[in-house]
Amino acid sequence: MYISVKDVNKKFTQKGKLFTALENVNLEIERGEFICLLGPSGCGKSTLLNAIAGFDPPTSGTVTIDGREVRKPSSRNVTIFQNYGLLPWRSVMRNVELALEARRDISKSRRAEIARKNLELVGLEKFADAGPHQLSGGMQQRVAIARALAADPEIIFMDEPFGALDAITRMKLQDDIRSIQTENRKTIIFVTHDIEEAVYLADRVVVMTPNPGKVKSVIRIELGPSRDRASEDFFRLREKIFQIFCQKQDYQIEYAI
Ligand SMILES: Nc1ncnc2c1ncn2[C@@H]1O[C@H](COP(=O)(O)OP(=O)(O)O)[C@@H](O)[C@H]1O
Ligand SMILES: [Mg+2]
């Protein structure tokens, strides 16, 4: 298995008391999968993402990627956050180039070429010389996606990346990230609290519940690559996932609906 989360627990100290943010999480992810971690605020989505990405290892249990235990972040992977993480004093182009500046094996001209290609991919080649502040939130997030892709990562971690965007812009970016993933087959682990977003994007949805943070269910979304938010199947899946949140019992079964 490419990514393996085994018996992971994470405890934090809050006001002198131990708080269980993740309890006994087990999860296996294949290379090239689009995984959404879905659940309400506080259920441990970011904590799980940070454990897999190596930012904050678990209290007990293990995370392995490609058979190696994760203890710190790897430069082979990238993370995209809600606040875009662009440097305001750098042009759009130079923000994308940033992904490659540590690479001694890539010349300046090659770096510019890769940056330009990825800006084209997200439709922002005309804004290469603009500053981030001249762009809308959606466009800034596109720059962050171009920068992530320029690094040619193995895994892209995304923590509620479209949370700050208006609904229309968010739908457009969801389309972008889906087509990018279909073309490039990157492994993507995407955190969201939006059921519709998860059903639209994921190969599998990991449904998480809080107090303590647990995986309640893992659902395979068999809707194929081109998805229609208005289709009957889409509504049925959305409803099914909502029901899973409402069910009292705890379980972790994997099934396709
Ligand atoms: N560094 C920390 N110290 C103490 N408590 C934390 C820390 N990080 C997260 N928590 C707690 O763990 C729980 C899960 O947090 P988080 O993973 O951020 O949830 P989510 O991303 O699903 O909203 C929350 O109750 C949060 O307050
Ligand atoms: Mg979070």
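The values are calculated or read from the model by the stated rules, or taken from the named source; none is laboratory data. Here the structure is a predicted model, which means the values were calculated and not measured. For neighbour counting, all protein chains shown are included, and Cβ atoms are generated from backbone atoms with ideal geometry for every residue, glycine included.
Taken as a whole, the condition of being under 29 Å from D7 (Cβ atoms), within 14 Å of ligand 1 (Cβ to nearest atom) and surrounded by fewer than 20 Cβ atoms within 10 Å (Cβ to Cβ) does not apply to P161.
If you go through the stretch 188-240 and keep only what is in contact with a strand residue (DSSP E or B) (Cβ under 9 Å, 6 or more places away or on another chain), charged (D, E, K, R) and closer than 29 Å to E154 by Cβ, you end up with D194, E197, D203, R204, K214, K216, R220, E222.
With respect to the conditions (1) within 16 Å of ligand 1 (Cβ to nearest atom); (2) surrounded by fewer than 18 Cβ atoms within 10 Å (Cβ to Cβ); (3) of a type in the set (K, R); (4) at pLDDT 95 or above, K6 lacks only one, and its number is (1).
Screening the stretch 179-209 for residues that are among the acidic types (D, E) and within 16 Å of ligand 2 (Cβ to nearest atom) and picking the one that is surrounded by the most Cβ atoms within 10 Å (Cβ to Cβ) gives E197. Applying the criterion of at least 2 residues that are surrounded by 14 or more Cβ atoms within 10 Å (Cβ to Cβ), polar (S, T, N, Q) and touching a helix residue (DSSP H, G or I) at 6+ places or on another chain (Cβ under 9 Å) to the strands (runs of 3 or more DSSP E) found wholly in the stretch 21-108 leaves 77-80. Looking across N83, N24, one residue alone is within 16 Å of ligand 2 (Cβ to nearest atom) and out of contact with any Leu (no Cβ under 6 Å at 6 or more places or on another chain). It is N83.
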